[in-house]
1. If packing is taken as the mean number of other Cβ atoms within 10 Å per residue, what is the order of 109-115, 148-154, highest first?
2. Using only C-alpha positions, report the orientation-averaged shadow area of the convex hull of the stretch 59-115, nm², one decimal.
3. Under 18 Å Cα-Cα from LYS167, which aspartates and glutamates qualify once same-chain neighbours fewer than 8 residues away are excluded?
4. Run down the lysines and flag those whose C-alpha is under 17 Å from the C-alpha of LYS118, throwing out any fewer than 8 positions away in its chain.
5. Tell me, what HN-Hα J-couplings in whole Hz come from the Karplus equation 6.51 cos²θ - 1.76 cosθ + 1.60 at θ = phi - 60° for each residue of the stretch 14-28, using x for Gly and Pro?
6. From the phi angles alone, apply the Karplus equation (6.51, -1.76, 1.60; θ = phi - 60°) to the stretch 164-171 and give each ³J(HN,Hα) in whole Hz, x where the residue is Gly or Pro.
7. In Å, what Kirkwood hydrodynamic radius results for the stretch 55-158 from the alpha-carbon pair distances?
8. Along the principal axes of its C-alpha atoms, what lengths does the stretch 2-179 span, in descending order and rounded to whole Å?
Amino acid sequence: MGGVEMEVGILFADVRGFTSLAERQAPDAVAALLNRFYGTAVEILCEHAIIDKLVGDQVMALYLPRVFPGEPAHHMLSDAQALLVAAGYGAERPWVELGIGLDFGDAYVGNVGAGDVKDFTAIGDVVNTAARLQAAATSGEIVCSRRVHDRTDEDTAGNELRELALKGKSEPEIAIVHRMGPGARH
């Protein structure tokens, strides 16, 4: 048990339309799709992040400064883009539809739990905000907080600024939306 409060980047990637997909397909086909998604996410994200969770139809990754070389926010955005490309965005049609949310800030990072059940994770507003940004993303979108965007020094040209009223948050969040659709090149 135990952990530390530190700056961390959080990435959530979620399969869009999963409930209706699971309703239409056999359970083994759904499991095969999830395993392919998880395998793709692990291959891309583990180069710069720690996979925190593979839960249901989503993945949560932690970008910890000084654990991997380079600026975590740059890795977060480039990894999110690589994940969309690997899912088939930019091709005729993606093999899995994803929405991705990114945030960066202070969190408690460490082990939580009770008894024999413990989990290494991050806890804090940054985690909740990244999850809410992911929920606001439509298929082929990366919705990132201003905090992530400011750390990348990336030009906002070609990206949408969106003011979001996120569930449970007292103030609206200004987000930068990167979009990749069928036929898009990134």
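All of the numbers you see were taken from the coordinates with simple rules; none came from a lab. Owing to the predicted nature of the structure, the values given are computational and were not obtained by experimental measurement. Backbone-built Cβ (ideal geometry, glycine too); neighbour counts: all protein chains shown.
1. On the way: 109-115: 12.4, 148-154: 18.1.
The peptides rank, most packed first, as 148-154, 109-115.
2. Projected over every direction and averaged, the Cα hull of the stretch 59-115 covers 5.8 nm².
3. Hits, sequence-local ones excluded: ASP14, ASP103, ASP125.
4. LYS53
5. Those phi angles translate into 10, 6, 7, x, 5, 4, 5, 4, 5, 5, 8, 10, 5, x, 5 Hz.
6. Each residue's phi maps through the Karplus curve to give 10, 8, 8, 3, x, 9, 6, 10 Hz.
7. Working: mean 1/r = 0.0667 Å⁻¹.
For the stretch 55-158, the Kirkwood estimate is 15.0 Å.
8. 49, 43, 34
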